[in-house]
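K.L.:
The structure follows.
The values are calculated or read from the model by the stated rules, or taken from the named source; none is laboratory data. Treat the numbers as computed from the prediction; the structure is a model and nothing was measured. Here the Cβ positions follow ideal geometry from the backbone for every residue, glycine too, while neighbour counts run over all protein chains shown.
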């Protein structure tokens, strides 16, 4: 009888111990998780108002949002220090302070723009005036630029491909890259803090110092990749192994 009571008490103690460990683990996880809400958009009229966070590091947060045909986002604010990239463009209409500002303006795939801070009191709202969904990725910076950092980044150059400068301000460069079938960028250095965002996908291969890192990897519209500065002696290049043109934008953080 005493042995049975002892075993029952021991069993209860073990369960209590496991429960305490589980609670501590959950609280530790929550305390270490980063609160991204101040960087993210919320479109209250959409079925998926918060979209999807597809990338996050110490410099930036990337959020994907889809606005269906005929839908309005709903009145919302913008934190500023952000650009938008149209993965799938379309026709936009917009309101400010409840008044129509523009109507059925077209934004093509791959087009980009700057969003400064907009408070909720301005009653800012945008709507999809077209017949197909519009897909956006917002790149939002986490920090204001210091005087030492502003303008320190350089434009990316490729030996075999001309890059088109789409956007340039005190926080970002944005360049468009188009790789035709069989075309390679050419060996180059990777400098600065960059994000690659795919507009038109395909099969791509990559080399480092002339040796393949991977071959014929499939990339799709909306895929993103963080490109950090590498060793000054290492060269990189990517090539299009598809039968269609691959298009992506390079977002450089200044």
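K.L.:
Within the stretch 140-163, does at least one residue satisfy the condition of being surrounded by 13 or more Cβ atoms within 10 Å (Cβ to Cβ), outside any loop (DSSP other than H, G, I, E, B) and in contact with a strand residue (DSSP E or B) (Cβ under 9 Å, 6 or more places away or on another chain)?
P.N.:
Within the stretch 140-163, one or more residues are surrounded by 13 or more Cβ atoms within 10 Å (Cβ to Cβ), outside any loop (DSSP other than H, G, I, E, B) and in contact with a strand residue (DSSP E or B) (Cβ under 9 Å, 6 or more places away or on another chain).
K.L.:
Go through the stretch 65-83 residue by residue and tally those that are closer than 13 Å to residue 126 by Cβ and either buried (at least 20 other Cβ atoms within 10 Å of the Cβ) or assigned by TED's automatic domain parsing to the domain that holds residue 223 (or both).
P.N.:
The total comes to 3.
K.L.:
May I ask you to list the residues in the stretch 82-116 that are touching a residue at least 40 places away in the same chain (Cβ under 8 Å) and over 17 Å from the mean Cα position of the chain (by Cα)?
P.N.:
Those that are touching a residue at least 40 places away in the same chain (Cβ under 8 Å) and over 17 Å from the mean Cα position of the chain (by Cα): 90, 92.
K.L.:
Could you check the stretch 217-230 and list, in sequence order, the residues that are in a strand (DSSP E or B), modelled with pLDDT of 95 or more and either surrounded by 12 or more Cβ atoms within 10 Å (Cβ to Cβ) or in the same structural domain as residue 55 (by TED's automatic domain parsing) (or both)?
P.N.:
Correct list: 217, 219, 224, 225, 226.
K.L.:
Now, a different point. Mind checking which residues of the stretch 44-64 are closer than 19 Å to residue 123 by Cα and within 15 Å of the chain's Cα centre (by Cα)?
P.N.:
Correct list: 50 only.
K.L.:
A further question on this structure: How many residues does the stretch 86-139 hold that are part of a loop (DSSP other than H, G, I, E, B) and under 27 Å from residue 225 (Cβ atoms)?
P.N.:
Total satisfying the criteria: 7.
K.L.:
Can you tell me which of (1) surrounded by 13 or more Cβ atoms within 10 Å (Cβ to Cβ); (2) more than 15 Å from the chain's Cα centre (by Cα); (3) touching a residue at least 12 places away in the same chain (Cβ under 8 Å) is the one residue 168 doesn't meet?
P.N.:
Status for residue 168: all satisfied but (3).
K.L.:
For the stretch 178-193, does any single residue satisfy the condition of being under 19 Å from the mean Cα position of the chain (by Cα) and within 30 Å of residue 105 (Cβ to Cβ)?
P.N.:
No, the stretch 178-193 contains no residue that is under 19 Å from the mean Cα position of the chain (by Cα) and within 30 Å of residue 105 (Cβ to Cβ).
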